[in-house]
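Colleague: Can you read through this structure? Questions will come right after.
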Amino acid sequence: MRRSQQLPKGDSPSLVTLTRSKQLALIPGYGLIWIIGAVSIWWFLQQLQAAARNLKAKETRNRAMVEAIPDMLFRYSREGVYLDAEIKSGAPIPHGNIIGQKVTNVLPADIAETLMQAIKRAISSGEMQS
């Protein structure tokens, strides 16, 4: 059974058709909005995928550079807490034991003081210290 109902004058000259399955036929003009929306979503997803690929490539390149450096690399908080470490095998510092600890608890006092001064210089200058 199919019923049709004419919209009241002034709303739209189109005919809205209701069927038994409760499907609503698109009113002319709304189809274009759906197409524009679908294309916009597709474009956004393409941009998101491209950004993810670029990020993955940069991460791979940066990881290769870090692994090629023969020295140890450390990242500290401004309070001197070890946040991250890249330590090559055979180094005298055990990696798993220092993350989250302060340099003053890991290193001798004179070396820890020198390191804390380097951390302060790095924060004030915005440049990496060696």
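Colleague: At what distance in nm do the modelled label points of N97 and A51 sit from each other, each positioned 7 Å from its Cα along Cα→Cβ?
Modeller: The two pseudo-label positions are separated by 4.3 nm.
Colleague: Describe numerically, in nm with one decimal, the distance between label points set 7 Å from Cα along Cα→Cβ at V66 and at D84.
Modeller: The answer from the label model is 0.4 nm.
Colleague: For M72, what is the net charge nearby, where nearby means another residue's Cβ is under 12 Å from its Cβ and Lys, Arg count +1, Asp, Glu -1?
Modeller: Numbers: positive: R75, K88; negative: D71, D84, E86.
Here the charged neighbours net out to -1.
Colleague: Let me ask you something else. When the chain is fully extended, how far beyond the present Cα-Cα distance does A38 get from A118, taking 0.36 nm per residue of separation?
Modeller: Details: separation 80, 0.36 × 80 = 28.80 nm, distance 5.36 nm.
Contour length minus the Cα-Cα distance gives 23.4 nm.
Colleague: Which aspartates and glutamates, on any chain, are close to K58 with Cα under 12 Å apart, when same-chain ones fewer than 8 places away are left out?
Modeller: Answer for K58, where 12 Å is the Cα cut-off: none of the aspartates and glutamates qualify.
Each reported figure results from applying straightforward, stated rules to the coordinates on display, with no laboratory input. In this text, all values refer to a predicted model and were calculated from it rather than measured experimentally. All Cβ positions, glycine included, derive from the backbone under ideal geometry; neighbour counts span all protein chains shown.
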